Amino acid sequence: MLKKNRVMVCLLLLWTSQVFTATAQRKSISQKVDSVLKLMTLDEKIGQLNQYNDDWKATGPVTLDNTKREQVKNGQLGSLLNCVGTARTRAWQNIAMQSRLKIPLLFGQDVIHGYKTTFPIPLGEACSWDLDAITLTARVAATEASASGINWTFAPMVDIARDPRWGRVMEGAGEDPYLGAKIAYARVKGFQGNQLGDTNAVMACAKHFAAYGAAIGGRDYNSVDMSDRMLWEVYLPPFKAALDAGAATFMNSFNDLNGVPATGNKYLQRDILKGKWNFKGFVVSDWGSISEMINHGNVKNQYEAALSAITAGSDMDMESRCYKNNLAQLVKDKKITVAVIDDAVKRILQKKFELGLFDDPFKFCNADREKTALNDPEHTKIAREAAAKSIVLLKNQNNLLPLSKNIKTIACIGPLIKAVKQNKGFWDVEVPGVDSNFIVSQWEGLQNKLGATTTLLYAKGCDIEGNNKDGFAEAVDIAKQADVVVLSIGERRDMSGEAKSRSNINIPGVQEELLKELLATGKPVVVLINAGRPLVFNYTADNAPAILYTWWLGSEAGNAIADVLFGDYNPAAKLTMSFPRSVGQIPIYYSHFNTGRPATNDNYHNYNSSYNDESIFPRFEFGYGLSYTSFQYTDLQLGKRQLKPNEQLDVSVTITNTGKYDGEEIVQLYLRDKVGSIVRPVQELKDFKKIRLNSGESKTVQFTIGKEKLSFYNQQLQWVAEPGDFELMIGASSRDIRLKGNFELVK
Ligand code: BGC
């Protein structure tokens, strides 16, 4: 009997424990978050809201802090940044596992355009207009980073940028909200993969919220002053798209917006992001931006800074320690409730659960996986393709390009032709144990491409900066011996990026003078321009027969450039930022208003909206880029001339490859709303298709226009489509409009 009872008890226990496990499994993440939260002291809660820099590489003033380890052990830290590699992240996570509640750390890193494998800088990659390719490089970056201990990238940067003096234009997608939104979406999807919780997914972070790209005068960290209409119509759409793609986190920004620092901006973070948009993730401050509100003159001290930031919805404090030092006192002083802190903590814990860190804090710290992921040859292949897709052919007089592989002698000249690390661009990651020269230089790319029958000659010619022309003679000498010259010039990789604003965006030093001397030899010169922003290079644009804008292309730069130079890849990229003729034209963007006195050409300046001493047109416009082949646009068809708000308008156009080479074309659709209660831009990109056509082939491209594409924010900031006439433009660039049509939106 006793035995029987014991068996019964055992069975009961087994059953209970099974039910218990099943219930626990069924428990939603938010219930799990609540149960952890219940166990936390106020000190531990505040700990989750802190993020510190690890002991190396920083983008801002570093706080020397010998007690970091102790703090982690005490559960006083939620996240580290700039800590990479399985060994290092594992070591820190081990310390976190010694804390009372064993809450795992998040490891955040600026994986902006690749981790070990470096891809083109985002602005360059955006010029591919290839959303699948963009998702793919983000996917690869996430695969590598997540295998190396990282679970959170501070990307994508989705700031619209219309001022190339601002060094950070290199991190984003350019000037256009429609394209910017598509690319933001693609990048978030790439970083986060199918779902957070997959071993190869990292959390994305849409930054910098908001309007950072409009820093006055293009000076980094500067103020932003803009209308609500501009904010909603131009600067917010990529953020909304990132949110729609499921971005787990947002980062706020250094700038003030209309006098209120973004970090302490309730309108941005509470009303828009967490209110109207119902964002469920968390917001991290930018580096030290909470305490920088003191410098802004918006708060008196760190205590007030912490109050302002937490009240406005900044959940995590990157490096400033304002939260660590003041939140408890703020609660004590009844300036904030614990509920405000709880909300921030819950958002962070939620993501830690979603990532699976509570199940396995070391899930991103597998040395074998790290080794495999960082040495995957497929990633190199993807980098080469992405790089080729980002190269913009700006000029190709008399079809100088592509070059023949049978050329006897090529003179390879310029300070960037043999450069290695320069190709990485700003925001590369120094991965422990990885040779940071893991890069195919342009020189090597040419060598790889060409057989023994071609001789490559080399001369540096000059430096990137400075006035020294001592190397000119040698460069001219080898040019004279060659059949063609490839000249590689541009910026140093640290001339565009954070805190790299420039008032003079010419090609630096004497590089264009070197070009002049080379052209004087009468030899054909192909110019490669390496840069992180649109530069001003009128001499080159006027005189060089062929120009490729190569940005900074990453690991496979040299191979990709060689692919394009010799026609193994037919360039298809198109600019996503207008290239000015002079700094005086800035800000310059295609989707401007018409004004009451529009200027339509450069010959007439009388009392119209133009410069007396400068063109009204950019040097190279938004959407511009050539191919080795040519495309003809015919047969524009509009399904109807009138449409009601609930109807769709079908548009089709036939594109024919009329040239000798197979190639890709980016067909762009622009609209103009002719009359609006708020003035509408002269044209707005509303759709595009990238298509591949063999030589001689034709394809019909279809577009659909519905209410969404016809809507804008009216004076009350309502998203409305107003009845009236629209002009539709189909083009190969924003200026090269090939076909036009009209339709009317009726009630
Ligand atoms: C930048 C951010 C970056 C952060 C961490 C800041 O200075 O503005 O974009 O994510 O540093 O490196």
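A quick yes/no check of all residues on (1) part of a strand (DSSP E or B); (2) of a type outside the set (Lys, Arg); (3) more than 16 Å from the ligand (Cβ to nearest atom):
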site	(1), (2), (3)
Lys207	yes, no, no
Gly213	no, yes, no
Asp220	no, yes, no
Met226	no, yes, yes
Trp232	no, yes, yes
Gly246	no, yes, yes
Gln269	no, yes, yes
Gly288	no, yes, no
Val299	no, yes, yes
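A count restricted to the stretch 190-205 and to residues that are away from the ligand (no atom under 14 Å from the Cβ) and over 16 Å from Ser128 (Cβ atoms) stands at 10.
Filtering the stretch 255-286 to residues that are surrounded by fewer than 24 Cβ atoms within 10 Å (Cβ to Cβ) and either under 18 Å from the mean Cα position of the chain (by Cα) or of a type in the set (S, T, N, Q) (or both) leaves Asn258, Asn278. For the stretch 661-713, a residue qualifies if it is among the aromatic types (Phe, Trp, Tyr) and touching a strand residue (DSSP E or B) at 6+ places or on another chain (Cβ under 9 Å), and the qualifying residues are Tyr670, Phe688, Phe703, Phe712, Tyr713. Residues that are on the phi < 0 side of the Ramachandran plot, more than 16 Å from the ligand (Cβ to nearest atom), part of a loop (DSSP other than H, G, I, E, B) and β-branched (Val, Ile, Thr) occur at least once in the stretch 51-73. Just checking, does the stretch 141-157 include any residue being in contact (Cβ under 8 Å) with a residue 12 or more places away in the chain, surrounded by fewer than 23 Cβ atoms within 10 Å (Cβ to Cβ) and assigned to a loop (DSSP other than H, G, I, E, B)? Looking for residues that are in contact (Cβ under 8 Å) with a residue 12 or more places away in the chain, surrounded by fewer than 23 Cβ atoms within 10 Å (Cβ to Cβ) and assigned to a loop (DSSP other than H, G, I, E, B), one finds none in the stretch 141-157, hence no.
Residues in the stretch 121-176 that are basic (Lys, Arg) and within 14 Å of the ligand (Cβ to nearest atom): Arg168 alone. Among the residues of the stretch 78-104, those that are in contact with a Leu (Cβ under 8 Å, 6 or more places away or on another chain), of a type in the set (A, V, I, L, M, F, W, C) and away from the ligand (no atom under 16 Å from the Cβ) comprise Trp92, Ala96, Leu101, Ile103.
Just to check your reading of the model, which residue among Ile705, Ile678, Ile691 is surrounded by fewer than 19 Cβ atoms within 10 Å (Cβ to Cβ), within 25 Å of Met230 (Cα to Cα) and aliphatic (A, V, I, L, M)? Criteria check complete, one pass: Ile678. Every condition in (1) more than 16 Å from the ligand (Cβ to nearest atom); (2) without any contact (Cβ under 8 Å) to a residue 40 or more places away in the chain; (3) hydroxyl-bearing (Ser, Thr, Tyr) holds for Ser308 except the one numbered (2). Taking each residue of the stretch 211-222 that is more than 17 Å from Asp286 (Cα to Cα) and looking for partners that are of a type in the set (A, V, I, L, M) with beta-carbon atoms closer than 8 Å, six or more apart or interchain, yields Ile216/Val224; Gly218/Ile586.
Here Gly584 passes the criteria (1) touching a Ser or Thr at 6+ places or on another chain (Cβ under 8 Å); (2) not in a loop (DSSP other than H, G, I, E, B) except the one numbered (1). The set of residues from the stretch 375-384 being crowded, with 21+ Cβ neighbours inside 10 Å and over 18 Å from the mean Cα position of the chain (by Cα) comprises His379, Arg384.
Residue check, Asn94 against (1) of a type outside the set (Ser, Thr, Tyr); (2) buried (at least 20 other Cβ atoms within 10 Å of the Cβ); (3) part of a helix (DSSP H, G or I), all met but one. Which one? Status for Asn94: all satisfied but (2).
Every number here is computed from the coordinates shown, using simple stated rules; none is lab data. Note that the structure is predicted; figures quoted are calculated from it, not measured. Positions of Cβ are generated from backbone atoms using ideal geometry, with glycine treated the same way; all protein chains shown enter the neighbour counts.
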